[in-house]
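Contents: one structure, followed by commentary.
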Amino acid sequence: MKLLLVLLSVYILTFCLAERKRFDNYRVYRVNPTKANQLEGLRPLEAKSEDALILNNLHLGPTDFLVAPSYDKTFVELLKGLDLTPELIDNNAQASLSLDIEPVADANRRSDDYSWTEYHELNDTHRWMQNLVGKYPDVVSVFIAGQSYEGRELLGLKINHNDGRAEKQSIFLEAGMHAREWIGPATATYFINELLTSQEPQIKGLARSYVWYILPHANPDGYVYTHLTNRMWRKTRSPQDKNCIGTDPNRNWDFHWREVGASSDPCSESYAGPKAFSEREVETLSQYLRSLPEPMFMYLSLHSFSQLLLYPYGHTSTLPENHKELEQIFNAAVGAVKRRYGTRYTGGNVYDAIYPAAGSSMDWVYGVLKVKYSFCYELRPSGYSFWTGFRLPASQIIPTGQETTDSLVEMIKAAAQIEGYKIQ
Ligand code: 0X9
Ligand code: ZN
């Protein structure tokens with residue numbers, strides 16, 4: 001029996017290792033296009049993600065490329081033709097990735113043994129949420145916000161203190177839309193834990209004043225893929241034309257879909273999909289959001305990275321109608337995120353603060369569901385190294401969780417104050 005188990009483990013291990021995409025001798029280059037013709041010259045690379053993966057959205061300004069050794073020469077020559085000089089950021093991507101491989105989950109770990117000192121696999125987090133229902137049966141339930149292409153559930157946690165308050169509004173927090181942005185889901189679960197266990201009066205008040213819906217993994221297939229195969233995966237996992245896989249779920253929402261800052265090339269990292277709501281994750285989540293019984297007070301989306309707080313819109317530089325109020329809330333939230341560790345956030349409306357990007361969840365909820373307070377955090381780290389940015393060390397989960405909780409407390413307080421609602 002023991003031998004069988006050993007053989008089985010060896011088989012599983014070999015299978016997984018064989019499956020994992022490797023980046024041996026791939027180089028990471030930073031390129032800084034400053035002219036429109038340079039940007040257009042780089043555009044064809046969007047369709048060549050196997051050769052030169054663009055690690056952020058192609059736009060004017062520093063952009064990191066993960067380049068296969070077989071394509072290195074062609075890449076450098078292409079840049080030369082565009083009068084661009086690449087900066088070498090990493091000479092061997094695989095060596096860097098190997099350094100931050102997470103410890104293999106311990107099969108003997110107790111099911112209530114969940115921590116914020118490591119990044120968790122999808123099933124771990126789903127199991128943890130299921131267990132919370134047993135621990136707080138009067139307050140907690142799980143909800144299924146939709147399904148993924150590969151048939152996984154979009155499992156979330158609802159927190160509702162049934163204390164007789166009439167007409168509570170909801171706050172929906174979504175994370176993990178982009179698969180490789182691991183700090184988002186980790187911060188979402190940290191925040192769940194705060195809402196359930198904190199003795200801090202402000203947090204207790206927050207937990208009781210709203211009906212909370214928290215969805216740590218809005219793109220579960222992608223997240224699993226970042227654990228098993230390719231740490232740098234961003235999109236969903238649905239097959240598309242040109243033999244490419246996945247759509248950017250944060251470009252797939254039916255609000256000014258594909259108008260700007262979104263690609264029509266299936267191989268691009270910001271592919272908007274063949275049509276709005278083509279992705280099962282996005283379509284089912286949108287239906288779920290529409291179906292919620294309580295009026296939605298606020299929608300929050302956690303991404304990483306760059307330390308930005310963003311509000312609508314992504315498709316235009318025209319500011320949303322209540323931008324003065326959004327700015328007021330923004331100031332409260334950005335002030336609070338700094339309090340504990342001095343973490344500096346900037347931001348504003350997506351279009352100007354980051355880059356044009358149409359079809360995000362935040363914009364759809366604001367524009368279609370008419371939720372007045374819709375925000376997106378681009379969490380730690382700061383800076384624009386897209387190569388290291390998605391690989392925030394696990395030792396930063398707790399500080400990120402703490403400062404984001406500080407920020408959310410002040411953000412919601414500021415929004416509630418505008419509405420004349422008292423959190424208690
Ligand atoms: O490109 C994106 O989708 C977001 N940046 S990321 O590096 N996380 O991919 C920015 C888009 C604006 N964010 C939202 N509208 N939520
Ligand atoms: Zn993102």
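The values are calculated or read from the model by the stated rules, or taken from the named source; none is laboratory data. Since we're looking at a predicted model, the values are computed, not measured. Glycine gets a Cβ as well: all are built from the backbone with ideal geometry, and neighbour counts include every protein chain shown. Just so you know, the surface numbers come from the protein's heavy atoms only, side chains and all, with ligands and any DNA or RNA stripped out. Shrake-Rupley method; radii C 1.70, N 1.55, O 1.52, S 1.80 Å.
For K168, the lysines whose Cα comes closer than 18 Å to its Cα, not counting residues fewer than 8 places off in the same chain, are K158, K204, K370, K372, K413, K422. If R0 is 60 Å, the Cβ-Cβ spacing of N91 and N131 corresponds to a FRET efficiency of close to 0.85.
Computed from the C-beta positions of A47 and L99 and an R0 of 41 Å, the FRET efficiency is 0.85 to the nearest 0.05. Shape summary of the chain, radius of gyration then Dmax from alpha carbon positions: 21.4, 68 Å.
Available extension along the chain between L292 and R340 is 13.8 nm, counting 0.36 nm per residue and deducting the alpha carbon span. Label reach from Q202 (point 7 Å along Cα→C-beta): in segment 391-409, amide nitrogens under 12 Å belong to 403-409. Projecting the Cα atoms of S304, W257, P33 onto the dipole axis of the chain, where Lys and Arg carry +1 and Asp and Glu carry -1 at the beta carbon, places S304 farthest toward the positive end. Rolling a 1.4 angstrom probe over the protein heavy atoms with all chains in place gives the chain an accessible area of 44 Å² per residue. On the beta carbon distance between D352 and D138, with R0 = 30 Å, the FRET formula returns roughly 0.10. Under a model in which nothing but the beta-carbon of Lys, Arg (+1) and Asp, Glu (-1) is charged, the chain shows a dipole of about 360 debye around its Cα centre. Within a straight-line Cα-Cα reach of under 24 Å, K73 can be paired with the following lysines, leaving aside sequence neighbours fewer than 8 residues apart in one chain: K21, K35, K48. With contacts taken as Cα pairs under 8 Å at a separation of at least 6 residues, the chain carries a relative contact order of 16 percent. Contact order for segment 21-97, expressed relative to its length and based on alpha carbon pairs under 8 Å spaced 6+ residues apart, stands at 49 percent. Peptides 381-388, 340-347, 224-231, 279-286 ordered by packing proxy, namely the average of other Cβ atoms within 10 Å per residue, highest first: 279-286, 224-231, 381-388, 340-347. Relative to the compact-globule estimate of 2.2 N^0.38 Å, the Cα radius of gyration of segment 21-97 comes out at 1.01.
Per-residue ellipticity at 222 nm from helix content only, as computed over the chain with -39500 (n - 2.57) for each DSSP H run of at least four residues, stands at -11000 deg cm²/dmol. Here segment 21-97 exposes an accessible surface that is 50 percent carbon and sulfur, computed with a 1.4 Å probe and the other protein chains kept in place. If you bin all the Cα-Cα distances of segment 271-418 at 5 Å, starting from zero, the percentages per bin are 2, 9, 18, 21, 20, 17, 10, 3, 0. Within a straight-line Cα-Cα reach of under 21 Å, K275 can be paired with the following lysines, leaving aside sequence neighbours fewer than 8 residues apart in one chain: K235, K242.
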